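A short worksheet on the structure shown next.
The values are calculated or read from the model by the stated rules, or taken from the named source; none is laboratory data. Everything numeric here is computed off the predicted structure, so don't read it as measured data. Cβ: placed from backbone, ideal geometry, glycine included. Neighbour counts: every protein chain shown.
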Amino acid sequence: MINVLLFAQLKDELGKETLSIEGNGMSVAQLKGKMKIEFQLEGLETVMTAVNEEFADDETILSDGDTVAFIPPVSGG
Amino acid sequence: MINVLLFAQLKDELGKETLSIEGNGMSVAQLKGKMKIEFQLEGLETVMTAVNEEFADDETILSDGDTVAFIPPVSGG
Amino acid sequence: MNERYSRQTLFSPIGEGGQVKIKQKHVLLLGAGALGSANAEALTRAGVGKLTIVDRDYVETSNLQRQQLYTEQDVEEKLPKAEAAKRHLHAINHEVEVKAVIMDATAQTLEPLLGHVDLIMDATDNFETRMIINDLSQKLQIPWIYGACVGSVGMTMTILPGQTPCLHCLLKTIPIQGMTCDTGGIISPAVIMVVAHQIAEALKILVEDWESVRPSLVTFDLWRNQYQTVRLTKVKKKDCLSCGDQRTYPFLTLENATKTAVLCGRDTVQVRPPKPLKLQLEKLAKDLNGSGYLVKVNPFLLSCEKNGERMVVFQDGRALVHGTKDMVHAKAMYQSILG
Amino acid sequence: MNERYSRQTLFSPIGEGGQVKIKQKHVLLLGAGALGSANAEALTRAGVGKLTIVDRDYVETSNLQRQQLYTEQDVEEKLPKAEAAKRHLHAINHEVEVKAVIMDATAQTLEPLLGHVDLIMDATDNFETRMIINDLSQKLQIPWIYGACVGSVGMTMTILPGQTPCLHCLLKTIPIQGMTCDTGGIISPAVIMVVAHQIAEALKILVEDWESVRPSLVTFDLWRNQYQTVRLTKVKKKDCLSCGDQRTYPFLTLENATKTAVLCGRDTVQVRPPKPLKLQLEKLAKDLNGSGYLVKVNPFLLSCEKNGERMVVFQDGRALVHGTKDMVHAKAMYQSILG
């Protein structure tokens, strides 16, 4: 299982901060696609992703036990 | 082994942020005593202790794999 | 919609309803130093209804490096901080009723100010006063927000009476000989990082969004790139003398307060801690030396001098402040060194 | 010892030597809004030698809730923010040389200001300008500190040319349709939390304590009690067009800039993004609706109106701002909505 951490407005969209999801061997992009369908999460295409607190791109392959954080980029100031 | 995290000036006193130390079955107070002798760390009596990110008192018993953070209390303002 | 608060009411956890609540609330801010001035500015800009600021000090040159609101003109006029803050706050937001109280905060002087107060913000520089706030908070059922900083380090925690642990549950004894801003220095990022947390918690409390109140203690070090939250679920003690079943509010009694007395004919104030301490005089000497004091030390006492003022500290914590008859000033000087 | 900075020189990673270095440095601050005014105040109090502030905007009532320095008087006088900031900063610390530049920052207008600049502080409100900063930083070898906030959320990252990854390594494309302060609102704690991190990093860079510079991106949400650092060790790309081997500094070219043009005789400015976008107009309409705009939307375009100003946005990102001939104002309005 992959541990998913949802930051900022994503936490509100899903109604919780963390969840576990099947994703061993998936890429980050595939996980995003799966979450988009299962939870109707909008705007996952443009969020930053951290895998185990390390910045990761869409091609990164996930393994059981990984923690994936989705972090919306912020532009205001 | 116990993972020890040193905060603020304690990090400088020891010259590093983290270390591993034998301490299975010890109390927090005993670990403090051991660290005082081994590393000549001053002022451990008055620091706050967190075990696995949970506030802990001197009597808390430690197990292998625990992460113990020593946090000096701050009074300025 | 009030245009002034439009970006704050747009933030959905506050909204128009939250803004109305903020406007109805009265916050007492204890201290108008680094944490105090920045907290005062943020609360005033946010549109709190009434703000009472308590401080015993006046504005000095060395404050300007990190204390918001104050200007060189305030230093020149030697304005009391509470009064200087009030003037600047009025120029920022005349809608907020600011009350400046220039006094030394003790259990006895504070309690009368706490009628109809919804929240106490801690911006003091010592644990003795915080323990008084903590007891008053429990006695009068007023939430308070602990905040403290030194160097690049800070710490904060929200206390809701009847719900969270209190500061006394955490600290069995008042820690002594911590680093203070007078010995360890302070950089402004540490100040405003604490204030960021305190104001976020304050806004949650003012709009009564209790579920969002942070349940943990936060500590950080911005220079060493550290940040940690510590859960407090096991901390609340049934036998705590401040918030437990058999509470006595020990820090509201005179015997637990630092005492000051003018020594007749000697232009000297004696400062005495509530209980005898066992100071590490050598360590204290080292800290003070690094911070520009002229220090002499022997196994029994430490003598330090700066800017023409001299203080002698005995190993049991008793001190003599020479060259003054002002008890508030002497106590402030004592606490600025011993925390 | 200069009494003003005594508490800062007491902080041993700065010390007397660090204070001398801070005094010798020149910082360019881009933006004098929420992040900008607070950064300006902290840098001025810390005693930076020279501070150049670039901003295109003037002070409005809705700024006062979170933008430090500014007063009701500034709103009344409709002072440009850079100029208002300069006046307040002078009263705080006359030793700092503050230069106010009132202009729209583009690659072409910014580059001439960057001679002898030691550090660029980001206090802008959009990614387009940040990508320009990022390219200029790489071209001229000047460190910069990204900072951004909205709602109770913030993010910051330090970029050292030749050492750390750059913003372009992280963001392959400029994200569009992020929440902005005009659509998601903003509370002051989010602002000052970002500023705390930015100023800590700035001080490290100014005193040349390179080892202490934070190697990770920080993100937080103060209302939801979240804080996370993200390591960036694998992010730096050899083929990055901004910092890689074959760099072209793409954001310094005119073709990659948002274009504005006055439409003759129509009192309207057309704003065009560098590349056609594919906006989710329905989502944008929802955000704007929540923030006090009068919105109409169909599958092809969105029309929004507030305070007598009307903007029409097409699905490809092109927009018409009606009721003005001021291109800078039109671009600011566009970016305040689209980020």
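The table for this structure:
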read-out: Tally, over region C:84-119, of residues that are in contact (Cβ under 8 Å) with a residue 12 or more places away in the chain, out of contact with any strand residue (DSSP E or B) (no Cβ under 7 Å at 6 or more places or on another chain) and not in a helix (DSSP H, G or I); value: 4
read-out: Residue match in region D:321-337 (condition: under 24 Å from the mean Cα position of the chain (by Cα), outside any helix (DSSP H, G or I), of a type outside the set (Ser, Thr, Tyr) and modelled with pLDDT of 85 or more); value: yes
read-out: Index of the failed condition, residue D:220 passing every other in (1) within 11 Å of chain C (Cβ to nearest Cβ); (2) at positive phi; (3) touching a residue at least 60 places away in the same chain (Cβ under 8 Å); value: (2)
read-out: Yes/no for residue C:299 being buried (at least 17 other Cβ atoms within 10 Å of the Cβ) and either at negative phi or modelled with pLDDT of 90 or more (or both); value: no
read-out: Hey, residue C:317 assigned to a loop (DSSP other than H, G, I, E, B) and free of Cβ contacts under 8 Å to residues at least 24 places away in the same chain or not; value: no
read-out: Set C:100, C:40, C:82, C:32: member being under 20 Å from residue C:193 (Cα atoms) and away from every other protein chain (no Cβ under 11 Å); value: C:40
read-out: Condition met for residue D:283 (within 14 Å of chain C (Cβ to nearest Cβ), basic (Lys, Arg) and either in contact (Cβ under 8 Å) with a residue 60 or more places away in the chain or under 28 Å from residue C:3 (Cα atoms) (or both)); value: no
read-out: Residue, modelled with the lowest pLDDT, within region C:257-272, restricted to residues that are of a type in the set (D, E, K, R) and more than 27 Å from residue C:110 (Cβ to Cβ); value: C:266
read-out: Some residue of region C:63-86 being polar (S, T, N, Q) and out of contact with any helix residue (DSSP H, G or I) (no Cβ under 6 Å at 6 or more places or on another chain); value: yes
read-out: Matching residues in region C:43-79 - criterion: being hydrophobic (A, V, I, L, M, F, W, C), touching a residue at least 60 places away in the same chain (Cβ under 8 Å) and at the interface with another protein chain (Cβ under 8 Å from one of its Cβ atoms); value: C:46
read-out: Inter-residue pairs, beta-carbon under 8 Å, first under 17 Å from residue D:163 (Cβ atoms) and assigned by TED's automatic domain parsing to the domain that holds residue D:158 and in region D:227-246, second acidic (Asp, Glu) and crowded, with 18+ Cβ neighbours inside 10 Å, 6+ apart; value: D:242/D:135
read-out: Residue that is surrounded by the fewest Cβ atoms within 10 Å (Cβ to Cβ), among those in region C:223-239 that are of a type in the set (Lys, Arg) and either closer than 27 Å to residue D:197 by Cβ or within 13 Å of chain D (Cβ to nearest Cβ) (or both); value: C:231
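Quick grid of which residues meet (1) more than 17 Å from residue C:253 (Cα to Cα); (2) among the acidic types (Asp, Glu); (3) part of a helix (DSSP H, G or I); (4) touching a residue at least 60 places away in the same chain (Cβ under 8 Å):
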{"position": "C:154", "(1), (2), (3), (4)": "yes, no, no, yes"}
{"position": "C:157", "(1), (2), (3), (4)": "yes, no, no, yes"}
{"position": "C:182", "(1), (2), (3), (4)": "yes, yes, yes, yes"}
{"position": "C:189", "(1), (2), (3), (4)": "yes, no, yes, no"}
{"position": "C:195", "(1), (2), (3), (4)": "yes, no, yes, yes"}
